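Trainee: One structure, pasted below without further comment.
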Amino acid sequence: MITAGIDVGSSAAKAVLLQDDVIVASTIIPTGLDSAETGELVFSDVIKKAGIDRGEVSAIVATGYGRVNVPFADKHITEISCHARGIHSVLPKVRTVLDMGGQDIKVIILDNRGNVENFIMNDKCAAGTGRYLERVAVFTEVPLEEIGAFSVRGEEQAVHVSNFCTVFAQQDVISLMREGVAVERILAGVCDGLVERILPLILRMDPRPDFAVTGGIAKNIGVVKRLEKALNMPAFLANDPQLMGALGAAYFAKDCVKNER
Amino acid sequence: MYTLGIDAGMKTLKAVLSNGTDTRFRVLEGGNRSAITLAEKAVNELLEEAGIERKDVCNTIAIGSGKDAIAFKNGDCAESIALAAGMNALGIKINHVIDLGVRSCYMIRCNHGKVFNTVNGPRCAAGTGSFLDSLSVFLHLSYDEMNDMYFRSDSREVLQTRCVVFAESEVISLIHTGRKKEDIVRSIFRSFAKQVYGALLAGDSVDNLALVGGMANSPAFLDAFRELSGSQVLVPNHPQAVAALGAAMIAQKSVSFR
């Protein structure tokens with residue numbers, strides 16, 4: 001039995017095909033402006049990768065910002081629940097999840113069965129989100145996926161960068177670049193500031209081990225290391241941090257099929 | 001006895017030279033990094049204009065985010081205190097004074113040159129000139145163009161989001177749904193005015209407000225703010241340099257103690 005999970009985020013759309021608890025195919029594409037179209041595109045892409053037809057998929061669950069825009073899904077489930085389920089399937093001992101995506105930050109507390117016990121979300125402010133780092137990437141001319149590594153190199157000599165607001169941080173980065181400050185030091189300051197900014201949100205939830213980081217930010221080793229230090233807990237990362245929502249959705253799709261039987 | 005007040009801001013450098021009766025103002029574009037160079041330039045111009053020399057200046061007080069770069073200063077003080085002193089020197093008796101700069105947003109309540117309360121705006125760009133600056137860059141419109149476009153629309157809308165970064169996305173969707181640019185620009189100013197009013201006055205109505213700082217030069221912002229606050233808003237002459245004037249006045253007072 002193959003099931004599909006589709007997670008349409010603000011920046012990226014993800015799809016996962018699950019068979020016997022194994023991911024047989026997955027895909028990540030940019031969301032673009034029309035999320036209704038994106039749902040269709042990402043699903044077509046993933047079944048093509050697996051070499052199967054639509055008809056072979058037993059059930060589809062959609063989640064994320066675009067969950068209401070994937071009309072062909074059998075069910076729509078909240079991203080919080082999907083994330084929790086996805087993480088629990090790969091890291092069953094995790095109780096605290098920090099998910100940082102393109103436009104929002106979520107902290108989810110799980111119980112030992114992977115149910116959501118509590119959660120908090122910031123989606124009103126761009127500071128600490130992927131948007132924040134995307135801008136930094138533009139102004140420092142360092143690709144997003146390399147920011148983490150650069151920030152680790154500049155750790156010892158980080159310069160202060162405004163941490164409260166994306167726009168102010170950007171202004172600081174521009175100034176510092178003009179002054180010729182080494183980009184590693186600037187990026188170290190950016191990552192320091194980012195963690196300082198989001199830490200209160202995490203601490204408010206009374207985080208407990210095991211702690212996991214998901215979403216695009218999990219690929220940023222600079223932020224992950226700083227989080228571990230600040231929380232005094234190792235951060236577990238799934239192999240495909242961006243796919244957790246879609247994976248959880250695919251598991252929920254399994255439930256749909258079981259219930260129908 | 002001449003004194004100098006220097007206000008080194010994030011985007012502009014303000015300098016005031018005064019002996020109590022002869023007062024001269026300079027506002028120069030250029031931010032923190034070039035604070036000392038701009039300050040030297042402003043001071044030299046003011047001295048030449050007044051026909052005096054450096055040694056004739058008895059005391060210099062610096063304020064603002066770049067004040068530490070002003071090496072020739074004799075002292076410094078808090079911006080809010082300088083602002084109150086400046087308003088007093090101008091003889092303006094309004095108690096509520098809002099300072100809106102590119103990175104600042106705060107309001108003082110003052111009386112006879114003394115501050116008795118300070119209210120800070122949001123710590124993020126949403127309540128500062130940076131909000132408009134960012135969106136003007138994003139829309140590829142100059143400040144003047146944005147001000148003009150505001151008056152070519154009569155839309156009463158505001159943006160849904162407060163965050164500048166998210167506002168950019170909102171603006172993109174508005175453009176995609178065919179909204180006129182003039183209407184979008186007007187809603188940007190209205191949103192900004194609403195944010196500032198909400199943050200500083202929290203819905204209270206105050207009959208008379210004074211506004212200083214770079215935003216006081218924006219007719220569009222003033223119009224939106226007057227409407228959204230329901231207050232009479234006075235903009236003093238040299239609105240960007242009021243705090244620098246206050247610094248020069250404070251410098252006058254402390255000369256007698258040197």
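The values are calculated or read from the model by the stated rules, or taken from the named source; none is laboratory data. Bear in mind the structure is a predicted one, so any value in this text is a computation, not a measurement. So basically every Cβ, Gly included, is an ideal-geometry build from the backbone, and we count neighbours across all protein chains shown. Please note that ligands, DNA and RNA were not included when accessible areas were found on the heavy atoms of the full protein model with its side chains. Shrake-Rupley method; radii C 1.70, N 1.55, O 1.52, S 1.80 Å.
Trainee: Label 7 Å along Cα→Cβ of B:Val119; region B:207-250 residues with amide nitrogen under 17 Å?
Mentor: Zone members listed by number: B:207-212, B:225-234.
Trainee: Let me ask you something else. DSSP loop (so not H, G, I, E, B), at most 14 other Cβ within 10 Å: list which GluC sites (Glu not before Pro) in region B:35-102 pass both filters.
Mentor: Numbers: sites: B:Glu40, B:Glu45, B:Glu48, B:Glu49, B:Glu53, B:Glu79; in loops: B:Glu53.
Passing both the DSSP loop test and the Cβ count: B:Glu53.
Trainee: Shifting gears a bit: For region A:1-118, just say rounded, prolate or oblate: build the C-alpha gyration tensor, square-root its eigenvalues into a ≥ b ≥ c, call rounded for a/c under 1.5, and beyond that prolate if a/b exceeds b/c, oblate if not.
Mentor: It is oblate, given that a/c is not under 1.5 and a/b is not larger than b/c.
Trainee: OK, next. So, in nm, how far is label A:Glu146 from label B:Ser142 when the simple model puts each one 7 Å beyond its Cα toward the Cβ?
Mentor: Once both label points are built, they end up 3.8 nm from each other.
Trainee: Which residues belonging to region B:19-57 lose at least 40 Å² of 1.4 Å-probe accessible area when the assembly is complete, relative to their chain isolated?
Mentor: Correct list: B:Arg33.
Trainee: OK, next. Which whole-percent values make up P(r) of region A:88-171 when all C-alpha to C-alpha distances are grouped in 5 Å steps starting at zero?
Mentor: 3, 13, 17, 19, 16, 13, 11, 7, 1
Trainee: Tell me, rounded to the nearest percent, the portion of alpha carbon pairs in region B:1-41 spaced more than 12 Å apart.
Mentor: So the pairs more than 12 Å apart make up 52 percent of the total in region B:1-41.
Trainee: Moving on to the next point. Quick check on the protein assembly as shown: helices-only [θ] at 222 nm, where DSSP H runs of length 4 and up contribute -39,500 (n - 2.57) each and the sum goes over total residues. Nearest 500, please.
Mentor: Computed mean residue ellipticity for the protein assembly as shown: -13000 deg cm²/dmol.
Trainee: Projected onto the charge dipole of chain B (+1 at Lys/Arg Cβ, -1 at Asp/Glu Cβ, origin at the Cα centre), which of B:Asn120, B:Ser136, B:Phe221 gives the Cα projection farthest towards the positive end?
Mentor: B:Asn120
Trainee: Hey, got the Cα dimensions of the protein assembly as shown along the principal axes, in Å, largest first?
Mentor: Principal-axis extents of the protein assembly as shown (Cα, largest first): 93, 53, 36 Å.
Trainee: Taking the Cβ of A:Asn163 as the center, what net charge do the other residues with Cβ under 13 Å away carry, scoring Lys and Arg +1 and Asp and Glu -1?
Mentor: Numbers: positive: A:Arg197, A:Arg226, B:Arg123; negative: A:Asp172, A:Asp192, A:Glu196.
The answer is 0.
Trainee: Here's a follow-up. Rounded to the nearest 0.05, what FRET efficiency is calculated for A:Glu117 and A:Asp255 with R0 set to 22 Å and r the Cβ-Cβ distance? Walk me through the numbers before you get to the answer.
Mentor: Numbers: r = 20 Å, r/R0 = 0.89.
E between A:Glu117 and A:Asp255, to the nearest 0.05, is 0.65.
Trainee: Using a 1.4 Å probe over the heavy atoms of the protein chains, calculate the carbon and sulfur portion of the accessible area of the protein assembly as shown as a whole percent.
Mentor: Solvent-exposed carbon and sulfur of the protein assembly as shown make up 49 percent of the total.
Trainee: Further, regarding this structure: Under a plain spin-label model, where a point goes 7 Å from the Cα along Cα-to-Cβ, how far apart in nm are A:Glu40 and B:Ser155?
Mentor: Inter-label distance under the simple model: 3.0 nm.
Trainee: Between B:Arg179 and B:Lys41, what FRET efficiency comes out of the Förster formula 1/(1 + (r/R0)^6) with R0 = 41 Å and r the beta carbon distance, rounded to 0.05? Don't jump to the answer; show the numbers that get you there.
Mentor: On the way: r = 43 Å, r/R0 = 1.06.
The formula returns an efficiency of 0.40 here.
Trainee: Sticking with this structure for a sec: Test of the criteria: in region A:156-221, which trypsin sites (Lys or Arg not before Pro) are in a DSSP loop and have at most 11 other Cβ atoms within 10 angstrom of their Cβ?
Mentor: For trypsin sites (Lys or Arg not before Pro) across region A:156-221 that sit outside H, G, I, E and B with at most 11 neighbouring Cβ atoms in 10 Å, the list reads A:Arg204.
Trainee: Within 10 Å of each candidate Cβ there may be at most 12 other Cβ atoms; applying that plus a DSSP loop requirement, which trypsin sites (Lys or Arg not before Pro) in region B:149-206 survive?
Mentor: Those that pass, being in a loop and sparsely packed, are B:Arg152, B:Arg156.
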